[in-house]
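Every number here is computed from the coordinates shown, using simple stated rules; none is lab data. Remember, predicted model here, so these are calculated numbers, not experimental data. Cβ: placed from backbone, ideal geometry, glycine included. Neighbour counts: every protein chain shown.
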Amino acid sequence: MYIPTANRKLICRTLFKDGVLVAKKDFNAARHPEINVPNLEVIKAMQSLTSRGYVKTQFSWQYYYYIITDEGIAYLREYLNLPQDVVPSTFKKAARPAAAAPRFGGRNEREGGFRRDNEGYRRRGEEGQKEGASGSFRPEFRGGFGRGRAQQQ
C-alpha cells in the first residue's frame, strides 16, 4: 500500500518516541486518535515493520499493540537520522523516589508492613498462655441434621 513519506515518517517518529503504538482494528476510521494520519496507514505501516522483524505485534480485543524490538530501534535510528544516545521512552529507567513516607504506625512495608495498635487484641493469661478452652474440653458430635442421616421417629 502506498503511504506518503510524510505520514510514514510521522508514524515511525511516534513509534520510536514511545516505543509502543496502539491502533484499533478499524480500517475505515478517518484518523488515528494519537497521530494525524489515517488509521489504515498506521496499521499497514506497522504490518510492514512486523514482517521485517522490527516490531512485535499483539492483538487483543480488537486492538493492535505494537512493540518495537532492538533491531527496530537500530533501523528507525538510521531511517529517522537520530543519534545513538536517543532511546524510546519505554527503554528509559524511571527515577525512583528517594524514600517512601512511613505508613501507619511509623513502619514501612520493608519492616513487616504496617500494624495498627492492636497488640492487645489477643490477650494472654498470667503465664503467657493463650485464652481459650481448657485442656479437658472435649466436644462431642452426635450427628445432626443433614442428608446422610436417617430421620429419627
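Just to be sure I understand the model, the point goes 7 Å from the Cα along the line to the Cβ. What's the resulting W61 to Q47 distance in nm? Modelled inter-label distance: 2.4 nm.
The trypsin sites (Lys or Arg not before Pro) found in region 18-76 that occupy coil by DSSP, while having at most 13 further C-beta atoms within 10 Å, are K25, R31, R52. Using the beta-carbon distance between Y2 and K92 and R0 = 25 Å, what value does 1/(1 + (r/R0)^6) give for FRET efficiency, to the nearest 0.05? For Y2 and K92, the calculated efficiency is 0.15.
With the cut-off at 1.5 for a/c, could you classify region 36-98 from its C-alpha gyration tensor as rounded, prolate or oblate? Oblate is the answer for region 36-98, as a/c is 1.5 or above yet b/c matches or exceeds a/b. Around the amide H of Y64, modelled in the peptide plane, lie the amide H atoms of A23, K24, K25, all under 5 Å away and 5 or more residues distant in sequence or on another chain.
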